[in-house]
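Please treat every number below as a calculation from the coordinates, not as lab data. For clarity, every value in this text was computed on a predicted model and none was experimentally measured. Reconstructed Cβ throughout: ideal geometry from the backbone, glycine too, with neighbour counts over all protein chains shown.
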Amino acid sequence: MPGFVDVHCHTPMTLFRGASEDVALDRFLREILWPREAKLTDDDVFWGMTLGCAEHLRGGTTTTCEMYVFEDAIVEAVRAAGSRCVLTPGVIEAPGWDYIGPWSERLDAVLSFRDHLGDSAETIEVGIAAHAAYTLPLEALEAIGAAAHERGALVHIHVAETEGEGRELEEQHGKSVPALLGELGFLDGRVLAAHGVWLTEDDRRLFAERDVAVAHCPTANAKLASGIAPLADLRRRGIRVGLGTDSPAANNDFDMWEELRLAAFFARATTLDPEVLPAGEVLALATRGGAEALGRDDLGVLAPDKAADFVHVRTDDAAFVPRVEERDLVSHLVWAGTSRHVADVWVAGVQVVEDGRCTTVDVERARAEVQERATRVARS
Ligand SMILES: [Zn+2]
């Protein structure tokens, strides 16, 4: 089958797996995450990304869409692991983030990084990320959107993840964050909005009109008690939706098998409709759907002239028995398949997982590096 396309990740945050349990997003960011991220080095991010790439590949994920900083280290890790990535380096202005400079300088740095990398990295496409409307001034959102659209680049942003995050802006401007983004021209190009849990009726209509894609992250939204995104409704409106694992501090793994199943369970449980998201559509959501959300028609399918990113799933297991009707294979894959069934994986035609083992990464060393570096960052 085609490899999974994970459309919303902060993969180097393997360094913060378990760093924050049982607190809400806002406190987690301000009190735990941002102070630790302020202490990161290029090498920390390289090893966090490397260990994460091995986990993604091992589970059958061949493309990830990353929002993070230290983009040079991420490129180095992705190349070494033989993974594929749509990298959207983040622009953010928030407590603890002074080290990346004011937003305008950071945006210039991201744009020159993008120009510099150009087409030299076949498996890496560079977009831009605006962290969120609540961590950037409006003029920054406007400038980031314009810069991305001018270049045909994907622009990636967190939107409506939690119920309260947009309240201040809403009170100030008398409109929702999506409406504000629409006014700023932010929604005029290739836009990927992560989460979309609290989109209003009008917001959803706007997203459909402007063809804004949504990264649905059911595990992270449930674990952080943020809510459940209206997946079935978004799809009914023709909005492009892909699935994301978000960060290992909020999930706590990169398991797309778990993500696709939870997305379907939530969609059925919240609509009380057993016909919502049949198995074939769930599988498509995690593969072709993700590619569509990224605006990449070369990914997420097995077809001539498309990217040769594919997975061999071991079906000689109880989870795949019996197969009476033709549709049973896909049903078993979706409702009973797990990452342990992934035997081999190829990215761009190159084998990166063999017999359940990631062959491109020294996983034992990566684990030791992350263990040591994460401990230093937590305790220093
Ligand atoms: Zn996120």
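How do 39-51, 211-223, 356-368 rank on mean C-beta neighbours within 10 Å, highest first? Each step should come with its number before you reach the end.
Details: 39-51: 22.2, 211-223: 24.6, 356-368: 16.2.
Descending packing order for the listed peptides: 211-223, 39-51, 356-368.
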Using the Karplus curve 6.51 cos²θ - 1.76 cosθ + 1.60 with θ = phi - 60°, what ³J(HN,Hα) values do you get for each residue of region 207-220, in whole Hz, with x for Gly and Pro?
4, 5, 4, 8, 6, 7, 8, 10, 9, 8, 10, x, 5, 4
Among His116, Leu206, Leu299, which residue has its Cα furthest toward the positive end of the charge dipole of the chain, with +1 on Lys/Arg Cβ and -1 on Asp/Glu Cβ?
Leu299
List every residue whose amide H lies under 5 Å from the amide H of Val353, counting only residues 5 or more places away in sequence or on a different chain, with H placed 1.01 Å from N in the peptide plane.
Val345, Thr359
Long-range amide H partners of Thr61 with built H, under 5 Å
Phe4
Rounded to the nearest 20 debye, dipole of region 209-253 from Cβ charges on Lys, Arg, Asp, Glu:
160 debye
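If R0 is 45 Å, what FRET efficiency do you get for Ala318 and Lys175 from their C-beta distance, rounded to 0.05? Numbers along the way, then the final one.
Working: r = 53 Å, r/R0 = 1.18.
In this case the efficiency is close to 0.25.
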Quick one: putting +1 on the C-beta of Lys and Arg, -1 on the C-beta of Asp and Glu, what dipole do you get for region 202-348 around its Cα centre, in Debye to the nearest 20?
280 debye
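Once the Cβ-Cβ distance between Lys39 and Arg367 is put in as r, and R0 is 30 Å, what FRET efficiency do you end up with, to the nearest 0.05? Before the final figure, lay out the partial values.
Numbers: r = 20 Å, r/R0 = 0.68.
Taking R0 as 30 Å, the efficiency between Lys39 and Arg367 is 0.90.
With charges set only on the Cβ (+1 for Lys and Arg, -1 for Asp and Glu), what does the dipole of the chain come to about its Cα centre, in debye to the nearest 20? Write down the numbers at each step before the final one.
Numbers: 37 positive and 64 negative charges, 121 e Å.
Charge dipole of the chain: 580 debye, to the nearest 20.
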Quick one: Karplus J couplings for region 335-346, per residue in order, coefficients 6.51, -1.76, 1.60, θ = phi - 60°, nearest Hz, x for Gly and Pro?
8, 10, x, 9, 5, 5, 7, 6, 9, 9, 9, 10
Would you work out which of Leu33, Ser104, Gly182 lies farthest towards the positive end of the dipole of the chain? Charges go on Cβ: Lys and Arg +1, Asp and Glu -1.
Leu33
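Sorted by packing (mean other beta-carbon atoms within 10 Å per residue), highest first, where do 227-236, 64-73 land?
Values: 227-236: 19.2, 64-73: 23.7.
In descending order of packing, they fall as 64-73, 227-236.
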Apply the Karplus parameterisation 6.51 cos²θ - 1.76 cosθ + 1.60, with θ equal to phi minus 60°, to every residue of region 86-92 and state each ³J(HN,Hα) to the nearest whole Hz, in sequence, with x for glycine and proline.
9, 9, 10, x, x, 10, 8
